[in-house]
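> One structure, as structure tokens, below. Some questions next.
Every number in this text was worked out from the coordinates using simple rules, so none of it is lab data. Keep in mind it's a predicted model, so treat the numbers as computed, not measured. With ideal geometry, Cβ positions are generated from the backbone for all residues, glycine too; neighbour counts draw on all protein chains shown.
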Ligand code: PHE
């Protein structure tokens with residue numbers, strides 16, 4: 001497999017992608033009319049979407065800021081799905097158009113851009129966000145306006161709770177916390193772990209809690225639980241406490257920019273224990289920021305480009321052809337979320353918010369790149385997870401872990417010639 005693109009998501013590429021998004025926005029925004037609509041809480045969106053011409057879908061994403069690769073990768077996955085669907089005739093005989101707005105990695109901005117997509121552009125549905133905090137904020141607006149929203153990758157439980165307009169195609173942190181605990185306990189055979197979480201991010205706080213309770217339930221011990229806030233330049237006090245706590249590993253459920261910086265600080269302070277994380281680590285920037293300090297550490301994710309499953313390898317090659325880069329988990333989930341949305345549009349009797357939300361919620365056995373997608377009564381998906389290890393600056397496949405009660409994962413092997421030294425086994 002050609003992985004040369006993996007490290008190439010440089011600033012230049014990010015800027016280029018943001019411009020692609022922006023020019024698409026200009027094109028789409030221009031002809032749609034900018035009437036402000038009359039959105040009132042709970043009474044429907046700012047005017048009906050047009051019933052002829054292209055179907056407009058909105059995407060709210062972190063194209064800039066500390067989580068920029070999340071939004072850029074997701075948008076690329078979505079655009080690949082869109083291109084394929086339009087080439088195959090679109091939905092209900094109409095082409096689909098995408099308008100992406102940047103929330104600058106700020107949950108405070110996510111609600112605003114969702115409001116704009118609804119009242120100014122009259123999107124029929126929304127894709128987004130990645131960060132749970134931003135999906136919580138955007139989902140509030142989507143719910144009030146009655147516009148269906150599919151989050152590709154927000155894993156905090158509360159994202160869909162009590163919001164029948166909001167669904168997601170990924171697993172929850174209730175599962176992800178179990179995955180990391182199980183891997184740490186069963187595969188790494190460690191029993192003493194310290195936790196360091198971002199107290200301001202619902203994702204990080206929630207995942208830290210689930211991990212801690214799962215790990216102690218397995219007989220492990222949490223040596224200390226420390227908190228930081230995203231962007232903190234100095235976490236040496238917390239790291240000192242972790243060092244003296246006797247931890248054999250450190251669970252750090254943060255987003256990649258903080259993770260990279262924190263791991264570097266830890267190594268300077270003489271902490272040699274491996275770090276463990278969740279999907280928030282998934283970025284080409286992780287190795288750039290973390291350098292050697294991140295080597296050998298593990299994180300859980302929704303998919304690995306290393307997996308031999310044919311749907312993965314087919315997606316990786318299509319994505320590489322279009323974007324010249326190896327797709328991360330966000331790209332795969334963006335692709336899956338868009339395809340789940342289009343399939344629901346096919347099935348829905350109309351594209352009204354109510355009909356479309358019901359069709360999305362009825363998604364069953366959808367063959368996604370990230371696994372089979374069936375939405376439960378809370379509009380959440382139950383999926384398998386993978387664990388990857390940072391090696392030579394790349395996240396290499398190590399294991400697949402399935403939800404409790406599922407049969408063990410079958411073809412959980414790295415792709416041939418991928419160079420992954422993973423066990424290829426699934427944990428029980
Ligand atoms: N699950 C993270 C959250 O909910 C977002 C994320 C998903 C980040 C997948 C990277 C990869 O905040």
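> Show me 280-291, 145-156 ranked by packing, highest mean number of other Cβ atoms within 10 Å first.
145-156, 280-291
> Provide the descending list of Cα extents for the range 98-170 along its principal axes, expressed in whole angstroms.
Principal extents (Cα only, largest first): 30, 25, 19 Å.
> Follow-up question, since we're still on this one. By count of other Cβ within 10 Å, fewest leading, how are 228, 397, 319 ordered?
228, 319, 397
> Treating the range 309-419 as a set of equal point scatterers at the Cα positions, no solvent, please give the Debye-formula log₁₀ I(q)/I(0) at q = 0.15, 0.16, 0.20 Å⁻¹.
-0.77, -0.85, -1.16
> Can I ask one more? Place the peptides 229-241, 129-141 in order of packing, highest mean first, counting for every residue the other Cβ atoms within 10 Å and averaging per peptide.
Result, highest mean Cβ count within 10 Å first: 129-141, 229-241.
> Determine one quarter of the surface area of the Cα convex hull of the range 162-234, which equals its mean projected area, and express it in nm² to one decimal.
6.4
> Using R₀ = 35 Å, calculate the FRET efficiency as 1/(1 + (r/R₀)^6) where r is the Cβ-Cβ separation of residue 268 and residue 83; round to 0.05.
0.15
> Counting only Cα, what are the radius of gyration and maximum Cα-Cα distance Dmax of the range 196-303, in Å?
12.7, 35
> OK, next. Once you put a point 7 Å from the Cα of residue 189 and another 7 Å from the Cα of residue 232, both along the Cβ direction, what distance in nm separates them?
3.4
> Hey, could you pull the Cα Rg and Dmax for the range 71-122, both in Å?
Looking at the range 71-122, its Cα Rg and Dmax stand at 13.2, 38 Å.
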